[in-house]
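The values are calculated or read from the model by the stated rules, or taken from the named source; none is laboratory data. All figures in this text were calculated on a predicted structure; none of them were measured in a lab. With ideal geometry, Cβ positions are generated from the backbone for all residues, glycine too; neighbour counts draw on all protein chains shown.
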Amino acid sequence: MPLARRLTWPPAPVSLDALDLRVEIYPGVPAIAEISGEMDIASAPWLRETLLLAIRRHGPAISVDLHGVTFLDCSGVNVLLATARRARLEGGWMRVVRPSAEAWQVITLLGLQHVLTRDHERADPRQDCAQAG
């Protein structure tokens, strides 16, 4: 059964409940992707396609809000890096904002806080919108 992804306004949550993952896309500059659940090897392919679709539909500036992430493994980190790369290739950027304690621990353990966040802090995605405008 194919998964349907609706990226509309107002935001329609996109979830893969069997894999304990939920993504909500809020269009704008930047677009905001709120992720909650487990970013792991089982959900990574679906999550990658969802984030790349958000870039295609809403432009290459995207803030990825990880406040609801309960687990992050190397597959999830790879999704973030691939999303950042695609955004840069299209003239934009990807920034992780509001990481959960679990996500922040993995990001800092891997030394990626300077790669995935701006100003090396846990920013609020709404502040990014105000600063970008």
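Of all residues being among the basic types (K, R) and at pLDDT below 50 in segment 1-43, which is surrounded by the fewest Cβ atoms within 10 Å (Cβ to Cβ)? Just the residue, please.
R6
Starting from residues that are of a type in the set (D, E, K, R) and assigned to a loop (DSSP other than H, G, I, E, B), keep the ones in segment 69-105 and report whichever is surrounded by the most Cβ atoms within 10 Å (Cβ to Cβ). Spell out the reasoning first.
Our first condition is that a residue be of a type in the set (D, E, K, R); within segment 69-105, this holds for 73, 85-86, 88, 90, 95, 98, 102.
Then keep just the ones that are assigned to a loop (DSSP other than H, G, I, E, B); that gives 73, 90, 98.
Numbers: D73: 15, E90: 13, R98: 20.
Selected residue: R98.
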Name the one entry in R56, R48, R22, R86 that is touching a residue at least 12 places away in the same chain (Cβ under 8 Å), farther than 20 Å from E102 by Cα and not polar (S, T, N, Q). R86
Does A130 satisfy the criteria of being at negative phi, at pLDDT below 95, hydrophobic (A, V, I, L, M, F, W, C) and part of a loop (DSSP other than H, G, I, E, B)? no
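Considering each of D65, D73 in turn, give the residue that is within 18 Å of Q113 (Cα to Cα), in contact (Cβ under 8 Å) with a residue 60 or more places away in the chain and of a type outside the set (S, T, N, Q). Don't jump to the end; show me each part of the working.
On the way: D73 fails: in contact (Cβ under 8 Å) with a residue 60 or more places away in the chain.
That would be D65, the only listed residue that is within 18 Å of Q113 (Cα to Cα), in contact (Cβ under 8 Å) with a residue 60 or more places away in the chain and of a type outside the set (S, T, N, Q).
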